[in-house]
Each structure stands twice: as structure tokens, then as C-alpha cells.
1. Taking R0 as 41 Å, what's the FRET efficiency between Ala110 and Gln469 from their Cβ-Cβ distance, rounded to 0.05?
2. Just add up the charged neighbours of Ala235: K/R +1, D/E -1, any other residue whose Cβ is under 11 Å from the Cβ of Ala235.
3. If you take every residue apart from Lys52 with its C-beta less than 14 Å away from the C-beta of Lys52, what net charge results, scoring Lys and Arg +1 and Asp and Glu -1?
4. Working from Cα positions, state the angle (0 to 90°, nearest 10) between the long axis of helix 413-428 and the longest principal axis of the chain.
5. Hey, what D do you get for the stretch 196-435 in µm²/s if you plug the Kirkwood alpha-carbon radius into Stokes-Einstein at 37 °C and 0.692 mPa s?
6. Under the Kirkwood approximation for Rh and a Cα-based Rg, what ratio Rg/Rh is obtained for the stretch 1-132?
7. What does the charge count near Asp352 come to, summing +1 for each Lys or Arg and -1 for each Asp or Glu among other residues with Cβ under 14 Å from its Cβ?
8. Sort 172-182, 71-81 for me by packing, meaning the mean count of neighbouring Cβ atoms within 10 Å per residue, highest on top.
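Values quoted throughout were computed directly from the atomic coordinates according to the rules given, and no laboratory measurement underlies them. Remember, it's a predicted structure, so these values are computed and weren't measured experimentally. Note that each Cβ is placed from the backbone with ideal geometry, even for glycine, and that neighbours are counted across all protein chains shown.
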Amino acid sequence: MEKIKLDLSNLDKVFPDNFTEKQKAKGKTSFLKKLAEDAHQFYGGKIQTGPKAGVFGFNWFNVWYTPGVSKISTTIRDDNDRSFDLSNRGNLVAVVSDSTRVLGDGDCTAPGGLGVMEGKAFLMKYLGGVDGVALCMDSRNDKGEKDPDTIIEFVKRLQPSFGAINLEDISQPNCYKVLDTLRDACDIPVWHDDAQGTACVTLAGLINALKIAKKKMSDVKIVFIGAGASNTTIARIIITAGGKPGNMVMFDSKGGLHTDREDIKADKRFYRKWELCESTNPKKINKISEAMKGADVLIALSKPGPDTVKPEWISSMAEKSIVFTCANPVPEIYPYAAKEAGAYIVATGRGDFPNQVNNSLGFPGILKGALMVRAKKVTDNMAIAAANSLANYAEKQGISSEYIIPTMDEADVFPHEAADVAMQAIKDGVARIEMTWNEAYEIAKKDIEYSRGINKHLQENGFIKEPGQEMLDKALKWAIDQQ
């Protein structure tokens, strides 16, 4: 049993030798939760606002503010697009949520999502060189109901200050109407990361997993467990990328999705689910155990585990089966158990296991690419371009059953992804400005290096203090005591 390191690189080795694999997996989850609580308390959150312009003398305040700034106001008044050049708008994203579906924790009340939204902004800055602002809003209407129209109106009124909108943790069915309405109504990209982001990264992992298993997208049988915003969008993107709807079966909490599901058909708010009822599961299978027999791929984004997905279901799958169990914070089945049951390739949403299929690989590069060309929206083609970019990057590094997708510490993947997305935006006709791939890559790379450099400088010079060893040891002891 080792002393835990500050970089947490030895997290698998710090638990007692007599712990089972299940205890170690649960222990890691407990440790990370406790450390998160203590570290957030230590720093008072994880995002702050700071100037990027210099103060070279007292009179520079007259440049950055009045009277000089009057020229900025009147210039933007006469040409609103100059706001992208003369303010931070061109690199600024609003991270908007009503906190009604925060990770696997459900409705956490409006301020309950702040930790996740700040986390999103943190990753945008560090990984993509993009500035983000966490905006958790109360979506209740005058009747006290969670109303999608309140979110729509809120976002519409935010547009003048931002270059893009990242929607996050909005429960279904409200999330469908919010995204689809705002994508058409806004002049800046509106991106729902739980849906489009998860779909993009899942597709990237699936592309390479199928290469390793020597299977074709158009041939494989895919079972989806969970029919929320993430999985319904994943299914739609996979179909767009070449998957066959007739080979797919999706399950929600009431059973399989198919044309006999009158409960879904009757509720017009669930139109995205009904589309899948009409196009998938032609045999109208209602039991997961039945659908899993001979399936090539399982994609689960449902109830956090570790016992949501049964080992016997995986054992009944086809040879060289691919299992994505991506519920957060605990996967539907732990990777070791899925492998023991016969899975060939296993992915989760967590970075402490191999093959992290997590939207943190997608949104920083995708939003950076969209912002660089001042895109009016993020098209499905742009999401698929990002998926192919991630898959291609990993393949060049050498893919295997334990490495189907890049990891977040591969810094160069993000400018590659941003440049590929920017080129697709130009191709799709949604970009306001044009540039070459090399120009986009260099801009993104420079901005990302700048962001990381600031963080490194602040750490090395003591402006960002290290958590003490006592905090790490306390969290570890708490995690061990929970077992």
C-alpha cells in the first residue's frame, strides 16, 4: 500500500492489498468524491476572472475604461460583428444549466450544478483555450413548473455577450425542445454537451473499437440501455455515420423502444424518442436479456452502477463484444467485471479506467473550432468531423483494446480537433470567416499553450497553492473506511 501522490498517478496502488477489485473500484469513487469536496472548499471553487490586458501605468485605466472605451461602444454599435474583435466575445462561452439532471444525481436545485458548470469552464480553458462562464439558472415559470421556454428565453437574451452557448444537465424532455429551438433561433452556436458532445466522443471510440474487432458499422447489432438525451443523440449520430437502425434496440425504464410504445407517441415532448421508436427495434424486443444475445455493441448511459448491467448479459453477446458503460459517477458495470464476463473492449466515462469515453475530449476542441470561424451553429457534420478527428488521432498513436480514443493529457489532440471542426463549419456554410486548416491549427495551439502556461506559472509561483498531503491522506482514509 503506497502513499498517495499529489498527481494521483498511483491511485490504483494506494488501497490495502486485501481489497477485492470491487472494493478498490468503489474506494476510488469514494476517494475522488471526498477529495473533490475538500479541494473545492480549499480553493473556494475552481474558476476566477482575471484581466488579459496590461496596466502599464495609472492612465491606462482611461484606455480600458472611460473615456477611451467610448470608442469601443460606438464602433460595436455601428457594426455588431466587431464585438468579436474588440471584446472577449469571440472566445467566450456561456455554460448554461437549470441543474435538473446533474451527472447521476438528478435535480440538484439551480445552484447545485455550479460545480459541474465551473468544471466545464475549467476544462474549456485548460484543454481548448476557451473562456467559459458558469450560469446556473432557475427554470421555473410562474406556476412553479420547470419550463423549457424559460431556458430558451434566457439564452436568447444572452447572445450579445457570448460567442457560443454550451447547454448542460437539463433534464428530458425539456432538453430536446431547448436545443432544437435554440439551434434555429440563435445566431451563435448552441451546443448541448450531454447530447451532442457525448455522441461525438462515443462515436469516436466506437469507430476505433470496431476497427480493432474487425467489424463494420453497418453490420453490427447495437443495444442501448438508457434513452435520455445522451443515448438518443448517440443513436442518431451513429445512424448518420452509417449504422443501421434495424440493427439497433434501445431501452428506457419501461422497456424497449418500438412502434407499440403508445406512451411515448402520446407525449409530443418526447419526439426524439418516438423517432427512434419508428426506426429501430423492428422485432419489438422488450427484454434487455433477449436483445443482448448475439449483440456486438452495448452502449449504456443509464442508472449508475455497478450492478445495472448484469455480467450474464455481457456473456451472451457476440464474440469480440464492445461494451461502453458510461454512467457517471459509477459505470453500470465496472470494467474488471465486464472483462470477466467476456467483453473484448470496455470503455467508461471515467479517466481512472482505460478508454475514457467522456465529452471532455470533445467540447473544448469543438467549441474552439466553431469560435475561430465564428460559426452560426454546430452542425451534425461538425460533430461527426470531430469524432473522426479523435479516432484518426488515436489510430496514428497506435490503437489497442486498452486505447481506442485519445486521453485528455494528449494536448495536441485538441488543436487538431478544433481545426477539423473549423474546416467542416466552412464546408457546411455556417462560418462567418474562413481560414486554412494550418491557420486554424496554429491559432488553437497557441491559445491552448497560453492557457496552460498561465496555469503553470500560477502554480510554480505560489498563486495557486497545492493541496496538502494531509488533505489527500484524509480523503483516502475516508474512502477506505467506507468499504
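1. Values: r = 36 Å, r/R0 = 0.88.
Here the calculated transfer efficiency is 0.70.
2. Surrounding charge for Ala235 is +2.
3. Every neighbour counted, the sum reads +1.
4. The helix 413-428 is inclined about 80 degrees to the chain.
5. Working: Rh = 18.0 Å.
Roughly 183 µm²/s, to the nearest whole number.
6. On the way: Rg = 22.1 Å, Rh = 19.1 Å.
Dividing the radius of gyration by the Kirkwood radius yields 1.16.
7. +2
8. Descending packing order for the listed peptides: 172-182, 71-81.
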